[in-house]
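The structure appears right after this line, and notes come after that.
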Amino acid sequence: MNTYGSLRNGLLMKSFFTHLECTYCGKIHSSSEPQRLCVDCGKVLYPRYDLESARKIFTKEVLPYRQSNMWRYFEMMPILDEKNVVTLGEGFTPIFDMPSLGEKLGSSNLFLKDEGINPTASFKARGLSAAVSKAKELGLKRLTMPSAGNAAGAMSSYAARAGIDAYVFMPKDAPEANQVEVYFTGGDLNLIDGLISDAGIISRQKAGEMDLFDVSTLQEPYRVEGKKTMGYEIAEQFNWELPDAIIYPTGGGTGIVGMWKAFQEMEDLGWIDGSRPRMYAVQSDGCAPIVRAFENGDEFAEPWENANTFAAGIRVPGAIGDYLILGAIRESQGAALAVSDQDILSMMKTVASSEGMFICPEGAATAVALTQLMSRGSIGSDERVLLLNTGSGLKYLDLLRDTQSNLTGNTG
Ligand SMILES: *Cc1c(COP(=O)(O)O)cnc(C)c1O
Ligand SMILES: [Zn+2]
């Protein structure tokens, strides 16, 4: 059954996806078979589209007639046959104005895009909807991944819907919600005594031994296409005038580089002009490899030792797309900055009590970063600022309970 046909509203949709290109050396790779990293230099591959042709046919005027999910941008998605789309309704999340929080922080033009209302309660749904759809199109039957938490829940959910097997390698102290989610959706859950980077080593080893396809973020080319749709939505929802600044909680960095890719594509499609937001990457001061590399002026980021933060989604000591993240930040005249867990926790309370949104720690980190950027003079009080809340606070109840008692010194 094609449960997805209504998206077309009688119009034929055609993807303009053509090939994969290495983001570092430019080598072209075929997209008709499974690919991971560049075969020459080991760096990240990006899907590329025939933007010349798309420009003539895919106009933004068609968008209001499409369904409210990320597949409304099908022409710029890497799936060739609509029947292969595996969807749970991800994307097209609302952007809210934040008057009370803005007043508290001294920002009169503050907005938040709430990714917490996605299926699986985080924006990982976007990336995994895209990657699992493409895996289905390529005939892959067994997927594996290391995950700090939310990606695992999303992969296991989308794989279940696609009838594909999912293997997950997750730190044993990842949020309980993610573990339970994988268990219920039928994924093969393996808890690791270590960090996501350790889980990655095991996942890749199992991939070799058991013929699994590893969908680690940015180590396969399609998750970024799901996350880039945030960039399309931000443009569409702000009526094709991007905000002055976007503040993003950065782990593997797929979202920030995905949005940057979307801005370029939309410029090439003639949908937006060349003015882009300044991109700010936020990390926890307990795991801040991108911040360190940014401050040192480095092209790549050294892995962070002893990564530690309760913001599980950004507890990522090393990112394969480090050069892409740093490139987007620098090109946009943005910055990378670190915030403390203590400030994240109290900001969660501030946001929830002032705006009624129980956002995730990673999302709260962006609001803490805003206060720093404003006091440094990097962001002005009337600039249009967009915070990305990447998940729901409800996925972190166990960590919040522990963190709260640690931070307040309450052992009971
Ligand atoms: C994975 C995750 C992040 C980090 O996303 P990247 O795009 O990989 O940098 C941030 N917040 C949450 C809630 C996450 O699950
Ligand atoms: Zn290459």
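Computed from the coordinates by the stated procedures, all read-outs in this text should not be read as laboratory data. In this text the structure is predicted, and so the values were computed from the model without any measurement. Methodologically, a virtual Cβ is constructed for each residue, glycine included, from the backbone with ideal geometry; neighbour enumeration extends over all protein chains shown.
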| remark: Asp50 and Ser108 label points (each 7 Å along its Cα→Cβ direction) are spaced in nm at 5.0 nm
| Pairwise label distance in nanometres, Arg142 with Ser68, each label 7 Å out on the Cα-Cβ vector | 4.1 nm
| note | Computed about the Cα centre, the charge dipole of the chain from +1 Lys/Arg and -1 Asp/Glu charges at the Cβ has a magnitude in debye, to the nearest 20, of 760 debye
| query | Between Gln333 and Asn84, 0.36 nm times their residue separation minus their Cα-Cα distance comes to what? | reply | 85.8 nm
| Say the dipole of the range 273-412 comes from +1 at the beta carbon of Lys and Arg and -1 at that of Asp and Glu; which of Gln372, Ala301, Ala338 then lies farthest toward its positive end? | Gln372
| Quick one: of the DSSP bridges fully inside the chain, what percent are antiparallel, nearest 5? | 30 percent
| request: Let me know the shape class of the chain, please: from the alpha-carbon gyration tensor, a ≥ b ≥ c as square roots of the eigenvalues, rounded when a/c is under 1.5, otherwise prolate if a/b is greater than b/c, or oblate. | output: rounded
| said: I'd like the distance between the alpha-carbon centres of the range 381-397 and the range 15-69, rounded to an integer number of Å. | reply: 28 Å
| said: Tell me the mean residue ellipticity at 222 nm calculated for the chain from its helices only (DSSP H runs of n ≥ 4, each -39500 (n - 2.57), averaged over every residue, nearest 500). | reply: -12000 deg cm²/dmol
| query | FRET efficiency for Asp198 and Thr18, Cβ-Cβ distance as r, R0 = 30 Å, nearest 0.05? | reply | 0.25
| query | Can you list the residues, at least 5 places off or on another chain, whose amide H is less than 5 Å from the amide H of Val86, using H built in the peptide plane? | reply | Ser133
| said: Run the numbers for Leu397 and Arg161: contour at 0.36 nm per residue of separation, minus the present Cα-Cα distance, in nm. | reply: 82.3 nm
| message | Need one number: nm distance between label points at Asp268 and Asp285, each 7 Å from Cα along Cα→Cβ, rounded to one decimal. | response | 4.1 nm
| remark: In the structure shown, of Lys141/Lys228; Lys83/Lys206; Lys113/Lys134; Lys43/Lys206; Lys43/Lys228, the pairs separated by more than 23 angstrom at the C-alpha atoms are Lys141/Lys228; Lys83/Lys206; Lys113/Lys134
| remark: Rounded to whole angstrom, the alpha-carbon centroid of the range 316-339 lies from that of the range 240-287 at a distance of 11 Å
| request: Give, in nm to one decimal, the length gained when the segment between Lys172 and Gln35 is fully stretched (0.36 nm per residue of separation minus the Cα-Cα distance). | output: 46.4 nm
| task | Rank by packing, highest mean first: peptides 244-256, 278-290, with packing defined as the count of other Cβ atoms within 10 Å averaged across residues. | result | 244-256, 278-290
